[in-house]
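Read through the structure below, which is laid out as structure tokens, and then see the notes.
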Amino acid sequence: MKRTLVLLHGLASNATRWSEFAERTRLTDWRLLRPDLRGNGAAALPRTRLGMDVWCADIAALLDAEHCARAVIGGHCLGANIALQFAARYPQRVSALVLVEPVPPEALSGATGWLLVLKPVLYLIYAAARAANSLGLYRRTLEPLDLREWDRATRSGERRLSLLASLGVDLKSTPVAAYARMLAATVERWPGLADIRVPVLALVSTRSSLTDPQRTRQALGALSDCDIVELDAVHWIPTEQPDAMRAAIEDWLARRAPETGS
């Protein structure tokens, strides 16, 4: 049976974050699962409660539906943080982790550092939006977001990289409640990393605009078995360094991923 790699997207994103990877990867002997996290993409409706416990339970349910006992869990940005939380909550379901630009709360820098201060406000916005949703007040349609096409346009110069993580752009395709809850989740404390006993690959940007690279490395140092690869990027590794990211993941899985995991 094929081994399984689950790929999680980040904030205000969807499964198309991993479309290019899936199209070009050499992992033809792997089963790739690219879910829309609840509150995003095709999973934006119905409007339901969101949080780390919900997203982790959804991943477990996905593995159950695919008859997969254990999998490699990967993710970008918030998706990487969710992967860590899943490994802590469902250790028996995880054979390895692939973290692309994980976000330790203590490493947030620049404008993103304000998220730590604004966390209570984000929960208030989330609660207000959820209340409105319960009354039937929400957008019935959201603007589709194809990140495969977005990345192509960014590399060709048709779009600016800075538009990624732009409030005006994000809210066109993401419900307000989901956006506020995922921002708050980004600054949630990581689980106890010393208790995560599987191999981990972490890809981090050398010029990160959201986190301090040195503090990110320090946070990852609490993992018992973590290989860190630095790539020249400002945070959007799948956009800025797709080939280097893909090669790093493929080579690492060939060397480190357990043969049994399906």
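Distance from the Cα centroid of the stretch 48-106 to that of the stretch 124-190 is 20 Å (rounded to whole angstrom).
Relative to the current alpha-carbon distance between Tyr123 and Val54, full extension at 0.36 nm per residue lengthens the span by 23.3 nm. For the stretch 97-106, the Karplus equation 6.51 cos²θ - 1.76 cosθ + 1.60, evaluated at θ = phi - 60°, returns couplings of 10, 10, 10, 9, 6, x, 10, x, x, 6 Hz by residue, with Gly and Pro reported as x.
Looking at the stretch 108-163, what % of the alpha carbon pairs are farther apart than 18 Å? Numbers along the way, then the final one.
Numbers: 981 of 1540 pairs.
Tail of the P(r) past 18 Å holds 64 percent of the pairs.
Applying both filters, DSSP loop and at most 16 other Cβ atoms within 10 Å, to the trypsin sites (Lys or Arg not before Pro) of the stretch 1-70 gives Lys2, Arg26, Arg49. The coefficient of translational diffusion for the stretch 1-73, derived via Stokes-Einstein from the alpha carbon Kirkwood radius under 10 °C and 1.306 mPa s, stands at 122 µm²/s. The value of relative contact order for the chain, using C-alpha pairs under 8 Å at least six residues apart, is 26 percent. Annotation: for a label point projected 7 angstrom from Cα along Cα→Cβ of Asp225, residues of the stretch 75-114 with backbone N closer than 12 Å are 95-97. Whole-Hz Karplus values for the stretch 25-39 come out as 5, 8, 7, 6, 9, 10, 9, 9, 10, 10, x, 7, 5, 3, x Hz, taken residue by residue from phi with 6.51 cos²θ - 1.76 cosθ + 1.60 and θ = phi - 60°; glycine and proline positions read x. Per residue, the stretch 79-224 exposes 47 Å² of solvent-accessible protein surface, assessed with a 1.4 angstrom probe and all protein chains in place.
The shape of the stretch 51-170 comes out rounded: with a ≥ b ≥ c from the C-alpha gyration tensor, a/c is under 1.5. Potential lengthening of the chain between Thr28 and Asp195 amounts to 57.0 nm, from the contour at 0.36 nm per residue minus the alpha-carbon distance. Sequentially through the stretch 111-122, phi angles give Karplus couplings (6.51, -1.76, 1.60; θ = phi - 60°) of 4, 5, x, 5, 4, 5, 6, 8, 3, x, 5, 4 Hz, Gly and Pro residues having no value and appearing as x.
Carbon and sulfur: what percent of the chain's accessible surface (1.4 Å probe)? Provide the component values of the computation, followed by the final result.
Working: 6270 of 11430 Å².
Summing carbon and sulfur atoms, their accessible area is 55 percent of the total for the chain.
Of the trypsin sites (Lys or Arg not before Pro) found in the stretch 112-150, the ones in coil according to DSSP and having at most 10 other Cβ atoms within 10 Å of their Cβ are Arg140.
Principal-axis analysis of the Cα atoms of the chain puts helix 78-89 at an angle of about 70° to the longest axis.
Just to confirm, what accessible area per residue do you get for the stretch 1-63 at 1.4 Å probe, in whole Å²? Spell out each step's value before the answer.
Details: 2430 Å² over 63 residues.
Solvent-accessible surface per residue comes out at 39 Å².
Any chance you could run the full-extension gain for Glu250 through Asp64? It's 0.36 nm times the residue separation minus the Cα-Cα distance, nm to one decimal. Mind showing how you got there, number by number?
Numbers: separation 186, 0.36 × 186 = 66.96 nm, distance 2.50 nm.
Gain in length upon complete extension: 64.5 nm.
Normalised by the number of residues in the stretch 158-237, the average gap of Cα pairs under 8 Å and 6 or more apart makes the relative contact order 30 percent.
In this simple spin-label model, placing a label point 7 Å from the Cα along the Cα-to-Cβ direction at both Arg139 and Ala153 gives a separation of 1.5 nm. Above 16 Å, the calculated P(r) of the stretch 143-205 contains 65 percent of its Cα-Cα pairs. When you filter the GluC sites (Glu not before Pro) in the stretch 6-81 for DSSP loop state and at most 15 other Cβ atoms inside 10 Å of their Cβ, you are left with Glu66. With viscosity set to 1.306 mPa s at 10 °C, what whole-number translational diffusion coefficient in µm²/s follows for the stretch 156-262 from Stokes-Einstein and a Kirkwood radius over Cα pairs? The diffusion coefficient I find is 98 µm²/s. A Förster radius of 41 Å, combined with the Cβ-Cβ distance separating Gln92 from Arg160, puts the computed FRET efficiency at roughly 0.40. Based on alpha carbons, the Rg and Dmax found for the chain are 17.4, 52 Å.
The values are calculated or read from the model by the stated rules, or taken from the named source; none is laboratory data. Here the structure is a predicted model, which is why all the values come from computation and not from measurement. Note that each Cβ is placed from the backbone with ideal geometry, even for glycine, and that neighbours are counted across all protein chains shown. In case anyone asks, the SASA skips ligands and DNA or RNA and just uses the protein heavy atoms, side chains included. Shrake-Rupley method; radii C 1.70, N 1.55, O 1.52, S 1.80 Å.
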